[in-house]
Amino acid sequence: MAIQRFHVGARMSEAAVHNGVVYLSGQVAEDPSRDVGGQTRQVLAAIDKLLGETGSDKTQLLQVTIFLADIGDFSAMNAEWDKWVPAGHTPPRATVESKLARPAYKVEIKVIAAQK
Amino acid sequence: MAIQRFHVGARMSEAAVHNGVVYLSGQVAEDPSRDVGGQTRQVLAAIDKLLGETGSDKTQLLQVTIFLADIGDFSAMNAEWDKWVPAGHTPPRATVESKLARPAYKVEIKVIAAQK
Amino acid sequence: MAIQRFHVGARMSEAAVHNGVVYLSGQVAEDPSRDVGGQTRQVLAAIDKLLGETGSDKTQLLQVTIFLADIGDFSAMNAEWDKWVPAGHTPPRATVESKLARPAYKVEIKVIAAQK
């Protein structure tokens, strides 16, 4: 069964699709100067875009892992998440604290989803 | 291919099933006042319950990720894990240290499993 | 649908295959006295070996999660990763900081891949 890859770079690609399942790379903010709310909005927008490109959308999430550089940002991240996640289609989720690739990143979100 | 969701809340659901694969949310202890052994037992019991509801069980684990708030709890967590995990059906596993959503949580376990 | 397990131990197994998808346990260095570059090379060699045994290879990676005990090792880990990962087949990836099961471990890599 073939793998489709999206935004293939030298180090990683942004998405892979195999047998109807979409795997995304950990998404971080385009502009890491933003606060955790702003970064979360950018991350969720990036996820929307990638899911759109891979034949999925945010109603199709299967498992989401959220890494916060500071778990003290849990509520501020959730404020954005709760506005974004579609009622009746909320996914299994785990949220933990881990420092991220650059000190300015406050949130990184990893997704497995289904194609529509 | 349809997604079945279980215990669907406003923020997340506890499980999703797609194409014979079960994805669980990160499970934490019901009573976070317990020590890491007690919390691990509660987490594993919660996983058993969710796997039962989704047509799976602990012989069907595909990949397990264990987050410990303090990696110093590795042995105490394993003491409970080793009693629980079924001989001959042990899954691929990764265990790392990450602080969790509430300071009282000592262990969170994320599961991918197969339906029977 | 049957699950095939590889290197089944009392606590965990090194790989599980289900419906054409390969799940590996978090791989760590055989010799944790090595620096992060040496450990990364050992981890990637272990992944190559397991993927070979499970009917996959490094062109088939679907999602890779890299845990670094010290995110300051990001560049040194990437130097090895970049030499290893096959052009045109780079996978979705997330890299975060988490302490690992033993203090000497500097890098742990968790993989989901497709069979060929």
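The values are calculated or read from the model by the stated rules, or taken from the named source; none is laboratory data. Owing to the predicted nature of the structure, the values given are computational and were not obtained by experimental measurement. Note: ideal-geometry Cβ built from the backbone for every residue, glycine included; neighbour counts use all protein chains shown.
Numbers at a glance
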quantity	calculated
Condition broken by residue A:14, with the remaining ones in (1) in contact with a helix residue (DSSP H, G or I) (Cβ under 9 Å, 6 or more places away or on another chain); (2) within 21 Å of residue B:21 (Cβ to Cβ) satisfied	(2)
Test: residue in the stretch C:63-73 that is more than 25 Å from residue A:109 (Cβ to Cβ) and of a type in the set (S, T, N, Q)	no
Condition check for residue B:104: surrounded by fewer than 19 Cβ atoms within 10 Å (Cβ to Cβ) and either touching a residue at least 40 places away in the same chain (Cβ under 8 Å) or not in a loop (DSSP other than H, G, I, E, B) (or both)	yes
Matching residues in the stretch A:54-74 - criterion: being in a helix (DSSP H, G or I), more than 7 Å from chain B (Cβ to nearest Cβ) and within 25 Å of residue A:34 (Cα to Cα)	A:58, A:72, A:73
Qualifying positions in the stretch C:15-57 - within 26 Å of residue A:109 (Cβ to Cβ) and free of Cβ contacts under 8 Å to residues at least 40 places away in the same chain	C:16, C:18, C:19
Single condition residue B:72 does not satisfy, out of (1) under 25 Å from residue C:4 (Cα atoms); (2) without any contact (Cβ under 8 Å) to a residue 12 or more places away in the chain	(1)
Count - residues of the stretch A:75-94 that are free of Cβ contacts under 8 Å to residues at least 12 places away in the same chain and part of a helix (DSSP H, G or I)	4
Residues located in the stretch B:79-101, provided they are within 28 Å of residue C:21 (Cα to Cα), crowded, with 17+ Cβ neighbours inside 10 Å and not aliphatic (A, V, I, L, M)	B:81, B:90, B:91, B:92, B:93, B:95, B:97, B:98
Hits in the stretch C:75-112 - residues which are facing chain A (nearest Cβ under 9 Å) and touching a Phe, Trp or Tyr at 6+ places or on another chain (Cβ under 9 Å)	C:91, C:92, C:93, C:94, C:95, C:96, C:97, C:98, C:112
Residue in the stretch B:7-17 that is at pLDDT 95 or above, of a type in the set (Asp, Glu), within 12 Å of the chain's Cα centre (by Cα) and assigned to a helix (DSSP H, G or I) present	no
Residues located in the stretch C:29-55, provided they are under 27 Å from residue A:21 (Cβ atoms) and among the hydrophobic types (A, V, I, L, M, F, W, C)	C:43, C:44, C:46, C:47, C:50, C:51
Matching residues in the stretch A:18-53 - criterion: being surrounded by fewer than 23 Cβ atoms within 10 Å (Cβ to Cβ), within 13 Å of chain C (Cβ to nearest Cβ) and in a loop (DSSP other than H, G, I, E, B)	A:19, A:20, A:28
Residue B:104, sole failed condition from (1) of a type outside the set (S, T, N, Q); (2) touching a Pro at 6+ places or on another chain (Cβ under 7 Å); (3) under 25 Å from residue C:66 (Cβ atoms)	(3)
